Amino acid sequence: MFIDRKFPNTRLRRLRRNTNLIDLVSETNLTSNDLIQPIFIKENFKGSEVIESMPNILRYGIDGALKEIEDIVLSGVNTIAVFPVIDKANKDSNGSEAIKKDNFMSASIQAIKKQFPDILLIADVALDPYTDHGHDGIIINEEVDNDETCKLLIEQSLILAESGADIIAPSDMMDGRIGLIRQALEKNNFKNTILLSYAAKFSSKFYGPFRDAVGSSSNLGNSSKSSYQMSSNNKQEALQEVAMDINEGADIVMIKPAMPYLDIIHLVKDSFKIPTFAYQVSGEYCMLKLAISEGWLDQEVMLESLVSIKRAGADAILTYAAKEISKEIKINE
Ligand code: PBG
């Protein structure tokens, strides 16, 4: 490919002499439109509280969340992903709170969309915030039961769609759930509800701080999600997962975590050429944040990590740093 390009006719450093030149030939540009801010909203709670294992990220009551969303919008980020922190008293082994009409998530979505009609709201579909064992599905005969869980996920999805979520994001990794949810949405006239599938979600230790944030880690204990989330050893299987979800009706597919799985992001985008998102998960964020706060790494590593994820092929990135990076991008524009 570069067969004729020889030194000194070609000096690649010519295009690196100053930042204007570097910017002029830049292949990847991260903008606020590429960033999605996750936000934790806590039931029966007012204001905000720190999350011990997640620097700079808070849990909000719905009042606090509305203020925070105003700040997110001001930063230039237009898309949020809301995660509920459910009261212990409302958790049970079937996650039944998830399929109650007018539950906390439903009320929160309505309140957010009322005040911010233009914001794009992503709502997670999974039972783990609602189960007292912390799994994403219900347990029958000591196993997370695929088909029975799917029935609940359909119900949960319809409630989220009806509440006004623009995008429904099943993060549970049950087989067949995208097709079942899509059919139910069509049947109930939610023709424009977008399905963002956590298509290749790996069973990862990088989710630790998130599980603290939603209060599922102590419930989960030593139990693992490896009977439904993917093994980090596999790449071909990720392609199958993604292909199936696309065939079942996903509009957007997601890979998660992001930075340790850049090869998967690249492969998926290259193979299917449909909107592909990546989730820079809690552990990835915390790792960088902690090193920055200790002074071990320069704060620019956060931007570098996000650019890497975009360069690999992600069209948009869920990241806890969305608001902060978006503000930074604005200043530098
Ligand atoms: C679970 C869910 C998880 C995350 C998003 N949805 C964690 C898990 O699978 O246990 C992880 C996000 C993060 O670590 O930032 N439905």
Cα gyration tensor category, rounded, prolate or oblate, for the range 188-333 with a/c compared to 1.5: oblate
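Which entries in the list 42/323; 101/191; 269/327 go over 23 Å, if you measure between the two C-alpha atoms of each? Mind showing how you got there, number by number?
Details: 42/323 20 Å; 101/191 20 Å; 269/327 28 Å.
Beyond 23 Å: 269/327.
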Listed residues 318, 229, 179: farthest to the positive end of the dipole of the chain (Cβ charges): 318
Residue-normalised accessible area of the chain, expressed per residue, 1.4 Å probe, Å²: 49 Å²
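Would you compute, from DSSP H runs of 4+ residues alone, the mean residue ellipticity of the chain at 222 nm, taking -39500 (n - 2.57) per run and dividing by the full residue count, rounded to the nearest 500? Present the calculation step by step, with values, prior to reporting the outcome.
Values: 12 runs with 131 residues, N = 333.
After summing the helix terms and dividing by residue count, I get -12000 deg cm²/dmol.
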Reach of residue 225 by Cα under 16 Å, taken over lysines that are not fewer than 8 positions away in the same chain: 201, 205, 256
Degrees, to the nearest 10: 300-312 long Cα axis against longest axis of the chain: 80 degrees
Gap separating the Cα centres of the range 224-299 and the range 162-199, nearest whole Å: 20 Å
Note, ³J(HN,Hα) from phi for the range 248-263, Karplus 6.51, -1.76, 1.60, rounded to Hz, x at Gly and Pro: 7, x, 6, 8, 9, 10, 10, 10, 7, x, 9, 5, x, 10, 4, 4
Cα shape, the range 2-42, gyration tensor, a/c 1.5 rule: prolate
Neighbourhood net charge (11 Å Cβ-Cβ; Lys/Arg +1, Asp/Glu -1) for residue 30: -1
Lys, Arg +1 and Asp, Glu -1 on Cβ, resulting dipole of the range 31-332 about Cα centre, debye, nearest 20: 460 debye
Radius 14 Å from Cβ of residue 291, net charge of other residues (Lys, Arg +1; Asp, Glu -1): -4
Gyration tensor verdict on the chain (Cα atoms; rounded if a/c is under 1.5, prolate if a/b is larger than b/c, oblate otherwise): prolate
Fraction of accessible area attributable to carbon and sulfur, the chain (%, probe 1.4 Å): 50 percent
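The values are calculated or read from the model by the stated rules, or taken from the named source; none is laboratory data. Predicted, not measured: the structure shown is a model, and the values here were computed from it. Neighbour counts run over all protein chains shown; Cβ positions are idealised from the backbone, glycine included. All accessible areas refer to the heavy atoms of the entire protein, side chains included, with ligands and DNA or RNA removed. Shrake-Rupley method; radii C 1.70, N 1.55, O 1.52, S 1.80 Å.
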